[in-house]
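What follows is a single structure, written as structure tokens, with notes after it.
The values are calculated or read from the model by the stated rules, or taken from the named source; none is laboratory data. Just so it is clear, the model here is predicted, and its values are computed rather than measured. Backbone-built Cβ (ideal geometry, glycine too); neighbour counts: all protein chains shown. Ligands, DNA and RNA are stripped out before the accessible areas are found, and what is left, the full protein with its side chains, is counted by its heavy atoms. Shrake-Rupley method; radii C 1.70, N 1.55, O 1.52, S 1.80 Å.
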Amino acid sequence: MKCVPCIMLSLVFLAYGMTAMAYEKKPYRHIAVLGADFHVSNGDNKTSPLILYHYFMENFSNPNLYAQYTLKTTSFFFILGYKTDDYFAGIRPELKWITWGAYRAYTEGENFDERTYKSQTAGAELFYERYAGRFVTLRLGYQPDYHFYIENKGTTIDLPTNHSEHNLRAELSLGKITSSDLNRVRHGFIVKGMYQYTGRQGYGTFEDMPLVTRDDSSIDTTHKIYLDLGACYAFSNQINIQLDGMAGIHDGVDRNNAEQIGYINSRHAAVGGYYSTEFYHNRYVVGKLQIGFPVPLWDMRLQPGFNVLYMPKNNEVVGVEHYPKTVYKSVSLGWSFKMADVLPFFINYAYGMDADRKGEKGNHEIQAFIIMALGKN
């Protein structure tokens, strides 16, 4: 993994909240999502609000100027850039008030307070996207971040007061997937990849043990590779088959910067039916198969699916406390419609049959939200 910067230019995932291709103008100026995600099991079930608001500004006197505000449940960012049919360049300042890390740390469905802490992050990304036709995109980014930690009385982790980071990213996308019908129907094929390098100053870290001080352990550099594969086919009768694969290979990670695997809307390794911080691992593979079909009432669609997560037994994040299984499965069902043929409403259900909840198996995850769009561009 130490030579990764020399051999990887990239391959996968940008996702949730990312900017559009330069030649795709947003149909609406305002898009809002409001809802909640909650769990039903024998564990410490939490309810998380879902908040997402986009404001797209593309009606400048100069048609190449682009601006965007985005508010999420845990962060806010602003984009100001210049785009053409060949490239898109700009700056993306961001503030996170619940950052990546052990905001929650679950063991068999019970939150481990001694490994729970909170921190905030402020930073700004400088990015450049280059397009080769409509099917190849290369994205380069540099983002300095400043992390600061609020008072965490319950944790046994030896946290620093603050630390800074420098992140370098290279991303490559080959192919194209088009979406329609509120993103419920997708068609096409795409391979994506991302390589990210992170260098830290003043971090000092911990291993997944009761307590290891910063003098005993430190992670100054982290390498992450993300890989995605998407293959979708939409038949003329609006039946849609979607196959997605995701993988991650990381080096230099602990609970503060490892991928949080699980939860329907995880940043990358989404496996419905598990907690947002159910698993931490330096290597994983996720496979998802979904079949969607229309129902002739209020523009309704049903989309059952099956998800599989594989993690090798050797886990550099969790350390000596390996997870009891290497394969975790879940089933899912998406139900969406337009209330009174007007307001889009989504309910996503997933059941993690391998979730361990204080000695009992199974976890139900339910996510419900509405989408509102105003102001046509």
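What per residue convex hull volume, in Å³, comes out for segment 230-329 when only alpha-carbon positions are used?
Details: hull volume 10.0 nm³, N = 100.
That works out to 100 Å³ per residue.
Summing +1 for each Lys or Arg and -1 for each Asp or Glu, what net charge is found among the other residues whose Cβ lies under 15 Å from the Cβ of Gly375? Mind showing how you got there, number by number?
Numbers: positive: Lys25, Lys26, Arg29, Lys376; negative: Glu58.
Local net charge: +3.
Leaving ligands, DNA and RNA out of it, report the carbon-plus-sulfur percent of the accessible area of the chain at a 1.4 Å probe.
On the way: 10760 of 17370 Å².
For the chain, the apolar C and S fraction of the accessible surface comes to 62 percent.
Where the only charges are on Cβ atoms (+1 Lys, Arg; -1 Asp, Glu), what is the dipole of the chain about its Cα centre, to the nearest 20 debye?
Details: 37 positive and 38 negative charges, 236 e Å.
With only Lys, Arg, Asp and Glu charged at Cβ, the dipole is about 1140 debye.
Scan segment 267-364 for trypsin sites (Lys or Arg not before Pro) in coil per DSSP, keeping those whose Cβ has at most 11 other Cβ atoms within 10 Å, and list them by number.
Lys313
Report the relative contact order of the chain, percent, no decimals, based on alpha-carbon pairs under 8 angstrom and at least 6 residues apart. Present the calculation step by step, with values, prior to reporting the outcome.
Numbers: 1073 pairs, mean separation 58.8, N = 377.
Once divided by the residue count of the chain, the mean separation gives 16 percent.
Using the structure shown, select from Lys25/Lys176; Lys192/Lys288; Lys288/Lys338 the pairs with a Cα to Cα distance greater than 18 angstrom.
Working: Lys25/Lys176 16 Å; Lys192/Lys288 16 Å; Lys288/Lys338 26 Å.
Pairs exceeding the cut-off: Lys288/Lys338.
Evaluate the distance, in nm, between pseudo-label points positioned 7 Å from the Cα of Phe189 and of Glu108 along their respective Cα→Cβ axes.
Output for this residue pair reads 4.6 nm.
222 nm [θ] for the chain, helices only, -39500 (n - 2.57) per DSSP H run of 4+, per residue, to 500?
On the way: 1 runs with 4 residues, N = 377.
Rounded to the nearest 500, the figure is 0 deg cm²/dmol.
To the nearest 0.05, what FRET efficiency results for Leu343 and Asn152 with a Förster distance of 51 Å applied to their C-beta separation?
Details: r = 41 Å, r/R0 = 0.80.
Once rounded, the FRET efficiency stands at 0.80.
Given a 10 angstrom Cα cut-off, can you work out which residue in Glu165, Glu151, Glu58 is the most mobile in a GNM of the chain?
Checking each option, the largest mean-square fluctuation is seen for Glu151.
How much length is gained if the chain between Ser218 and Leu140 is pulled fully straight, taking 0.36 nm per residue apart and subtracting their Cα-Cα distance, in nm to one decimal?
25.3 nm
What is the chain by shape, rounded, prolate or oblate, if you read a ≥ b ≥ c off the alpha carbon gyration tensor as root eigenvalues and call it rounded for a/c under 1.5, prolate for a/b larger than b/c, and oblate otherwise? List each step's numbers first, then the result.
Working: a/c = 1.60, a/b = 1.18, b/c = 1.35.
Oblate.
Of Ile219, Leu159, Leu289, which is farthest on the positive side of the dipole of the chain, counting Cα position, with +1 on Lys and Arg Cβ, -1 on Asp and Glu Cβ, and the Cα centre as origin?
Farthest towards the positive end: Leu289.
Taking the Cβ of Trp335 as the centre, find all other residues whose Cβ is under 13 Å away and add up their charges (Lys, Arg: +1; Asp, Glu: -1).
Working: positive: Arg184, Arg301, Lys338; negative: Asp299.
After counting each charged neighbour, the total is +2.
Along Cα→Cβ, 7 Å out, is where each label goes; now give me the distance between the ones at Ile51 and Arg130 in nm to one decimal.
4.0 nm
Using a 1.4 angstrom probe, figure out how much accessible area segment 241-329 has per residue, in square angstrom, rounded to the nearest whole. Present the calculation step by step, with values, prior to reporting the outcome.
On the way: 3330 Å² over 89 residues.
It amounts to 37 Å² per residue over segment 241-329.
Provide the gained length on full extension for the span Ala36 to Ile370, in nm with one decimal, where the gain is 0.36 nm per separating residue minus the Cα-Cα distance.
Values: separation 334, 0.36 × 334 = 120.24 nm, distance 0.99 nm.
Gain on extension, Ala36 to Ile370, equals 119.3 nm.
Averaged per residue, what accessible surface does segment 82-124 expose to a 1.4 Å probe, in Å²? Each step should come with its number before you reach the end.
Values: 1940 Å² over 43 residues.
Averaged over the residues of segment 82-124, the accessible area is 45 Å².
Between Asp44 and residues 5 or more places away or on another chain, which pairs have amide H atoms under 5 Å apart, with H built 1.01 Å from N, and which residues are they?
For Asp44, the qualifying residues are Glu110, Asn111.
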